[in-house]
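Taking it in order: structure first as structure tokens, then the write-up.
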Amino acid sequence: LDPEEFRRLGHAVVDWIADHRAGLEALPVRADVEPGWVRERLPAALPEDPAPLDALLSVVDDVVVPASTHWQHPRFFAYFPANASLHSLLGDMLSGGLGAQGMLWSTSPAATEVEQVLLDGLATALGLDPGFTFAGGGGGSIQDSASSAALVALLAALHRAEPGWRERGVTGTERVYVTAETHSSLAKAARVAGLGARALRTVEPVPGSRAMSPQALAAAVAEDVAAGLVPVLVCPTVGTTGTGAVDPVRAIAEVARPHGVWVHVDAAWAGVAALAPEFRHLLDGVELVDSFCTDAHKWMLTAFDASLLWVREADALPAALSITPEYLRNAASESGAVVDYRDWQVPLGRRFRAFKLWTVLHGVGLSGLRAHIRGHVALAAGLAERVRADPAFELAAEPSLALVCLRVVTGAGPDADDDASRELLERVNASGEAFLTHTVVGGRYVIRVAIGAVTTGPEHVDQLWEQLRAEAERVRQRYAA
Ligand code: PLP
């Protein structure tokens with residue numbers, strides 16, 4: 001493809017994306033296809049000869065779009081959002097256009113230093129302690145996911161807790177502290193690190209809440225130390241996946257630090273809210289922890305994948321992860337004056353992910369990001385008010401930022417309420433008008449409404465509420481009878 005032909009085809013692709021986004025609201029949110037639907041419609045044989053781009057775009061229209069769940073739809077309220085803003089797509093294009101591979105500073109100084117500047121700036125914008133910036137002795141990196149961030153934090157924690165770990169591997173005595181609400185990525189990190197499920201210790205919540213109890217953590221650590229076990233890492237969550245619960249980071253860090261336990265804060269979804277000072281209290285105590293992660297690819301207008309991980313000690317990840325074969329040796333690395341991000345992650349190679357973060361920050365500014373977050377939090381508060389005021393519903397948990405958890409009230413007891421809520425969710429999702437997901441808390445069914453898609457506005461939450469009310473009326477009649 002020569003650059004002139006690329007220009008022509010590239011315009012066609014940009015036009016396709018612009019048309020797709022402009023028409024998104026008219027599409028069903030969730031893909032409604034049976035398994036195998038897509039494979040049946042694609043030729044089994046790969047193209048032997050070149051074909052025009054138009055032919056591919058028609059397959060995208062006819063097969064890919066109907067079989068896609070539209071995460072960018074304004075009535076996507078499922079899971080947590082995955083903001084692929086158009087600003088970030090521009091950055092992705094520039095990144096691909098440069099095609100740099102930034103494993104070492106020397107393989108693309110710009111890819112490394114733009115990332116360093118942006119992560120230092122974002123640390124300040126989030127109100128993080130200056131100790132998390134490169135200037136302050138720590139530093140930030142862009143990982144592919146919060147799951148990878150948890151894994152590399154755990155590896156750094158193992159290295160700190162057990163000096164022989166890099167040579168010998170794990171001993172089977174290590175302990176990692178979580179709660180019942182901690183994201184499953186921590187269990188996966190423990191498995192990948194060779195610790196297995198038995199290393200995970202689930203700490204009880206503060207009675208009557210879903211937040212980790214610092215007292216229970218202190219008791220668990222003391223018991224493990226007395227038994228000759230090695231407390232390695234504790235993971236407080238700011239904004240759990242199920243209900244948005246917030247663990248008391250400060251009190252947890254105060255328990256963990258005297259034992260040298262690494263504290264990794266998982267704020268994958270909620271952390272970006274700290275860009276707005278009124279939500280910064282959620283990060284109280286983060287200045288005491290070892291690592292902090294929040295996903296720009298959830299609620300910060302940045303297309304997958306871009307998970308932001310800060311560590312307090314710039315050397316912590318390289319000390320655990322660095323392995324240097326001869327072919328990677330170079331004068332810049334040996335000078336000690338540069339950051340080689342390959343040592344901050346599991347893979348060797350890395351894309352210029354900072355570009356899409358840059359086009360977002362440049363395009364909307366910190367003020368635009370704050371408005372994005374504040375708008376959704378206000379919409380969630382409004383929805384929660386309506387839920388409170390309507391006897392057909394109840395809040396299943398206190399709203400957390402832009403997450404509202406609710407269920408149907410039938411008057412016929414908890415089992416009927418749970419069944420009615422399940423049916424209501426299935427009916428809404430089958431309609432294609434909106435997409436919601438659920439969780440189970442304390443054995444009870446919970447409908448989650450996660451507000452946060454790039455273009456979700458008041459009218460979309462109004463439409464959802466009208467639909468919830470209409471469907472609730474139907475299902476309540478059946479279950480109350
Ligand atoms: N942690 C929390 C609290 C989450 O909610 C999620 C995903 O929703 C994750 C971690 C995993 O995120 P990622 O897909 O970036 O690994």
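Any read-out appearing in this document is the output of simple, stated calculations on the displayed coordinates, not a laboratory observation. Source: prediction; values computed, not measured. Quick reminder, even Gly has a Cβ in these numbers, built from the backbone with ideal geometry, and neighbours come from all protein chains shown.
Structural remarks
- Remark: relative contact order (the stretch 100-351) = 26 percent; criterion is Cα-Cα distance under 8 angstrom and separation of 6 or more residues.
- Ordered by the number of other Cβ atoms lying within 10 Å of each residue's own Cβ, fewest first, M93, M300, M212 fall into the sequence M93, M300, M212.
- Span from the the stretch 355-426 Cα centroid across to the the stretch 234-267 one, whole angstrom: 24 Å
- Percent RCO, i.e. relative contact order, over the chain, from Cα pairs under 8 Å lying at least 6 residues apart: 21 percent
- Paramagnetic label zone (point 7 Å from Cα along Cα-to-C-beta, A381; backbone N under 18 Å) in the stretch 459-481: 459, 461-462
- Footprinting exposure proxy for T439, T324 (fewest neighbouring C-beta atoms within 10 Å first): T324, T439
- Spatial separation of Cα centroids for the stretch 286-326 and the stretch 96-164, in angstrom: 4 Å
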